[in-house]
Amino acid sequence: VTGVQTCALPIFLLVSNRFDFATDYVVAELRQRGANYFRLNLDDLKDYSVCLDPLNQRLSIGGIGSRRRTIGPVSSVFFRAPTHLRESSGHRYAPGELLSRHQWAAFGRSLTIFRDAFWINHPRDTYLAENKPYQLALAATCGLRVPKTLISNSPPPKSFPLHGADNIFALKGLDSFLLRIGGKDAFSYTTPVNLTKASASNMKDFPAIVQQWLQPKLDIRVTVVGNKCFPVQIKTSGGQISGDWRLLKNEAIYEPIALPRQVERACIRMVQELGLVFGAIDLVLSRGRYYFLEINP
């Protein structure tokens, strides 16, 4: 928990965790501007004494080596915390620890009592925006081209449109999740799957996103803030990336590019339709066409 000493003026509240380096950059900028801010790391709060007053919209914090501070009024909230826990390995925690984690997550959501503040982004809107099928449906109405998609627990029919050879389609998780396997964290990435080998028995346990496999393709990340777009193409020194570029994050090169005006306008409209101020949109350029994949709120 860090911030300036005085909280008499309207304050910028940053809700994050101690490992979020993106918030570090925001803190550096706020310090340079001499802004009145307070950083609230939700993973540190168990070491402090906190008191939230929902009627008067005040947050009071005291604890180890620091005097008690009252936070409010809050003018803006930069919200970098998840809207809900997506950790599917909860069994590794003792019941008391699991209860503590869930209640602190609920405390983070309780900060929505600052209803008069300017949020980037509000948890209510973030929660809806994280729904991937809803993203796809909305993107299409905003004028973005969307790959043919099914949500299913069985292989798609033979008539399902595919790009490329070998009957390949893209298989994605319906929601992001973490697993603990052999003492290591595991995460699900987009995976190319052969239609003939994806038997019903391999998919029947839970639904997944089944999508056109777009190859060749150029990955594009469009960061939208308000009514401005900041697009970059994502490549490696070897050129365009086949498959999920996140598997090559350490080799990725980000180069600013210009988007067609209609694609840029559609990206801005989508962020606005979702009620967001900030959104990071993943597009791909394949065979001369721009396709929407997802938005990260």
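The values are calculated or read from the model by the stated rules, or taken from the named source; none is laboratory data. Being a predicted model, the structure only gives us computed values, none of them experimental. For neighbour counting, all protein chains shown are included, and Cβ atoms are generated from backbone atoms with ideal geometry for every residue, glycine included. Only protein heavy atoms, including side chains, enter the accessible area calculation; ligands, DNA and RNA are left aside. Shrake-Rupley method; radii C 1.70, N 1.55, O 1.52, S 1.80 Å.
Using a Cα-Cα cut-off of under 17 Å, which aspartates and glutamates could be cross-linked to K158, ignoring same-chain neighbours fewer than 8 residues away? Within the straight-line cut-off, K158 pairs with D166. Against the criterion of solvent-accessible heavy-atom surface with a 1.4 angstrom probe, F278, F187, F169 sort, most first, into F187, F278, F169. The peptide list 213-223, 17-27, put in order of mean Cβ contacts within 10 Å with the highest first, becomes 213-223, 17-27. Of all aspartates and glutamates in the structure, the ones whose alpha carbon falls short of 13 Å from that of K249, not counting any fewer than 8 places away in one chain, are D219. Taking the longest Cα principal axis of the chain as reference, the axis of helix 132-141 is set at about 70 degrees.
For the chain, the longest principal axis of the Cα atoms and the long axis of helix 95-110 meet at an angle of about 80 degrees.
Ligands, DNA and RNA left out, the accessible area of the chain computed with a 1.4 Å probe is 55% carbon and sulfur.
Each of I113, I234 has its accessible area taken with a 1.4 Å probe; listed largest first, they run I113, I234.
Which of (1) 21.6, 66; (2) 20.1, 59; (3) 20.9, 72 is the computed Rg and Dmax of the Cα atoms in Å for the structure on display? Evaluating Rg and Dmax of the Cα atoms in Å on these atoms matches (1).
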